[in-house]
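All of the numbers you see were taken from the coordinates with simple rules; none came from a lab. No experiment lies behind these values; they were computed from the predicted model shown. Cβ placement follows ideal geometry from the backbone for every residue including glycine, while neighbour counts extend to all protein chains displayed.
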Amino acid sequence: MKLKEAREAANFTQESLVNEIQTYMDCSLRHYQNIEYGKKIPRMPLGLLICKLCKVDPTEIDEWKISGNPW
């Protein structure tokens with residue numbers, strides 16, 4: 001599942017999700033957009049928070065999956 005799909009399924013816009021994230025930690029709209037577009041991978045606390053807010057398992061986010069054999 002794409003992060004954008006998870007966000008939209010949870011009825012968030014990019015702006016509303018960032019506003020919700022900011023109640024817990026610092027995150028700019030631009031930083032979130034870079035994460036959603038696959039340009040950046042979030043640190044673990046932010047990634048887990050995004051998943052919690054969007055009600056999705058972190059292992060289901062396509063942009064965060066490891067491609068190929070990690071070993």
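Would you point out the residue of the range 59-71, among those that are at negative phi, free of Cβ contacts under 8 Å to residues at least 12 places away in the same chain and not in a helix (DSSP H, G or I), that is surrounded by the most Cβ atoms within 10 Å (Cβ to Cβ)?
Filtering the range 59-71 for residues that are at negative phi, free of Cβ contacts under 8 Å to residues at least 12 places away in the same chain and not in a helix (DSSP H, G or I), the one surrounded by the most Cβ atoms within 10 Å (Cβ to Cβ) comes out as K65.
Just to be sure before I move on: is V56 touching a Ser or Thr at 6+ places or on another chain (Cβ under 9 Å) and surrounded by 12 or more Cβ atoms within 10 Å (Cβ to Cβ) in the structure I sent?
Answer is no for this residue.
Within the set of pairs 6 or more residues apart or between chains, which connect a residue that is basic (K, R) inside the range 3-31 to a residue that is assigned to a helix (DSSP H, G or I) and surrounded by 14 or more Cβ atoms within 10 Å (Cβ to Cβ) with Cβ atoms less than 7 Å apart?
The qualifying pairs are K4/E36; R7/L17; R7/C54.
Among the residues of the range 9-48 satisfying the criterion of being in contact with a helix residue (DSSP H, G or I) (Cβ under 9 Å, 6 or more places away or on another chain), among the charged types (D, E, K, R) and not in a loop (DSSP other than H, G, I, E, B), which is surrounded by the most Cβ atoms within 10 Å (Cβ to Cβ)?
Looking at the filtered set, the residue picked out is E36.
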